[in-house]
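These notes concern the structure reproduced below.
The values are calculated or read from the model by the stated rules, or taken from the named source; none is laboratory data. Keep in mind it's a predicted model, so treat the numbers as computed, not measured. Backbone-built Cβ (ideal geometry, glycine too); neighbour counts: all protein chains shown. These accessible areas exclude ligands, DNA and RNA; they are computed on the full protein's heavy atoms, side chains included. Shrake-Rupley method; radii C 1.70, N 1.55, O 1.52, S 1.80 Å.
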Amino acid sequence: MLFPLPIDLFFALLKRVDYLKEQIMDFSLSEKLWNQAQELFPGGVNSPVRSFQSVGRHPFYVSRAKGSKLFDVDANCYTDYVCSWGALIHGHCYSPVVRAINEALQNGTSFGANCPLEIRLSQLIRSAMPSIEKIRFLNSGTEACMTAIRLARGFSRREKIMKFEGCYHGHVDSLLVKAGSGALTTGIPDSEGIPASLSALTIILPWNDEEKLIAAFKKYGRETAAIILEPVPANCGLIPPKEGFLESIESQARAYGSLIIFDEVITGFRLSYGGAQALFRIKPDLTVLGKIIGGGLPVGAIGGKKEIMDCLSPLGKVYQAGTLSGNPLAMAAGIAQLEELQKGHAYQYLENLGQQLEAGMLEIQKKLSYPLQFHRFGSLFSFFFTSKKVASAADAYQVDKMKFSSFFTALLSSRIFIPPSPFETAFLSTAHTESDIDELLKIVYDTLKKML
């Protein structure tokens, strides 16, 4: 026998069923592709973070993207806060960039020879960053960092390198190292296949620790070719420098004759038109660039003082070459992207969105008192699931990874895509809107409330 339901309860249940239908997402085609990919690629991917291993689920596969939205092969639509890991400051399929690529494509995809577009892009970069007197284009940030290290060693005739724990500079043998047991030890390999003798030339320092920075230079300064850093680290979550810390790095390096290498692959042309070095008013000896200067296509660059850059072949004895360096499609995309950024409107818009997001997160934290740290610097932001302040990589590594995994999965089921790792940084683009931020804040609030 059926028992009639009160009408208000009936409609409440109907509403709940409709809500659940909205939340159920089909991933069947992505799952099929994932199964195929595992037979073809190591770990099923061509870059480790894409495996979603850190969040305990299989990845989705993208079919297309436009503006702030990603569409997967199962027709699910997401608001994208990964933005090709920061490269797409104007969002996906930005018309001026797409138009520039299409125009360049009519003339060829690669020449293996010089092309005028290289000159125009280098002029735009040099005018934005006075520390860069000469520049060389490459094909990735990793390649650019590798060249920067080789160039610093060749110029200084020193072998040791200093880097900071948590700062990622690509999968370069000399830089893919982690700290040893002591505060000022040399690095030990962070990957199989790297000779211990090579990584022993890399000194690992804790970020935001001025005392240990000074001690390291006192011990190793005269042997150190360069200190390389992300001026605003964004590869162990977003961890801005403490006030005066970058200035301490500069003064120590200058005192011991070590070069300063700013890895601005992420921060270059994102934090400001002149990058982090313009914001902090520091002129590094060498700057590494990527991501934004390619408009979404593969690119890397190294630039710096003329006397250092001229040590590169064919003028100098530090060898570097690349078949696809200065690729005309990447150059055209980069020119279009920088010419739009040069107009200056993007940065204020991104800052306004960032302030809206930060204010909303502060309000959420007041309401829920959840053990969560939210960091923002310009259009970069990250979530740390911990009650403790995060000022270094060591702090970041103590976060609750399981809570982040639950958080990521809940956001994804609500069609929000953030980096699938607790140690990565999310990005805003000019394609995002105030409504996108309002939606993100509501979903974050609802998610954290359920996680209490």
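Per residue, the chain reaches -12500 deg cm²/dmol at 222 nm when only DSSP H runs of four or more residues are counted, each adding -39500 (n - 2.57). The modelled label-to-label distance between Ile214 and Glu243, using points 7 Å beyond Cα along the C-beta direction, is 1.8 nm. With a simple spin-label model that places each label point 7 Å from the Cα along the Cα-to-Cβ direction, the separation between Ile119 and Gln53 comes to 4.7 nm. At 30 Å minimum axial length over the Cα atoms and a Kyte-Doolittle cut of -1.0, report the qualifying DSSP H helices in the chain, or say none. What comes out of the filter, once short or polar helices are dropped, is 345-368. Between Lys442 and His345, the simple spin-label model (points 7 angstrom out along Cα→Cβ) gives 2.8 nm.
Any chance you could tell me what percent of the C-alpha pair distances in the stretch 324-390 go past 19 Å?
Of all Cα-Cα distances in the stretch 324-390, 54 percent exceed 19 Å.
Could you tell me what % of all Cα pairs in the stretch 203-325 have separations over 24 Å? In whole percent, the long-distance tail amounts to 32. If R0 is taken as 22 Å, the Cβ-Cβ distance between Asn46 and Gln398 corresponds to a FRET efficiency of 0.15.
In a fully extended conformation the segment linking Arg222 and Ser110 would gain 36.0 nm over its present Cα-Cα distance, using 0.36 nm per residue.
Per-peptide packing, taken as the mean over residues of other Cβ atoms within 10 Å, places 109-121, 92-104, 253-265 in the sequence 253-265, 92-104, 109-121 from highest down. With 0.36 nm allotted per residue and the present C-alpha distance subtracted, the Val73-Lys388 stretch has 109.4 nm of extension available.
What is the total of Lys pairs in the stretch 263-365 with C-alpha atoms under 21 Å apart, excluding same-chain pairs fewer than 8 positions apart? Don't jump to the answer; show the numbers that get you there.
Details: Lys283/Lys291; Lys283/Lys305; Lys283/Lys306; Lys291/Lys343; Lys305/Lys317; Lys306/Lys317.
Value for the stretch 263-365: 6.
Over the stretch 357-452, Cα pairs under 8 Å with separation of 6+ residues give a relative contact order of 28 percent. For the stretch 309-452, carbon and sulfur atoms together expose 54% of the accessible surface, with a 1.4 angstrom probe and every protein chain in place.
Only one of (1) 83, 36, 16; (2) 40, 27, 21; (3) 48, 30, 22 was calculated from the structure for semi-axes √(5λ) of the Cα gyration tensor in Å, and its label is (2). Protection proxy ranking, highest mean first, for peptides 226-237, 346-357: 226-237, 346-357, where packing is the per-residue count of other beta-carbon atoms within 10 Å, averaged. Percent of C-alpha pairs per 10 Å bin in the stretch 368-426, short distances first: 23, 56, 21, 1.
In plain terms, the chain from Ser413 to Tyr256 could stretch by 51.3 nm, reckoned as 0.36 nm per residue minus the Cα-Cα distance. In this structure Lys291 has an accessible area near 60 Å², from a 1.4 Å probe over the protein heavy atoms. Think of a 1.4 Å ball rolled over the protein heavy atoms: the chain then has 47 Å² of accessible area per residue. Listed by chain and number, the lysines placed with their C-alpha closer than 20 angstrom to that of Lys367 are Lys388, Lys389, Lys403, Lys442, Lys449, Lys450; residues fewer than eight positions away on the same chain are left out.
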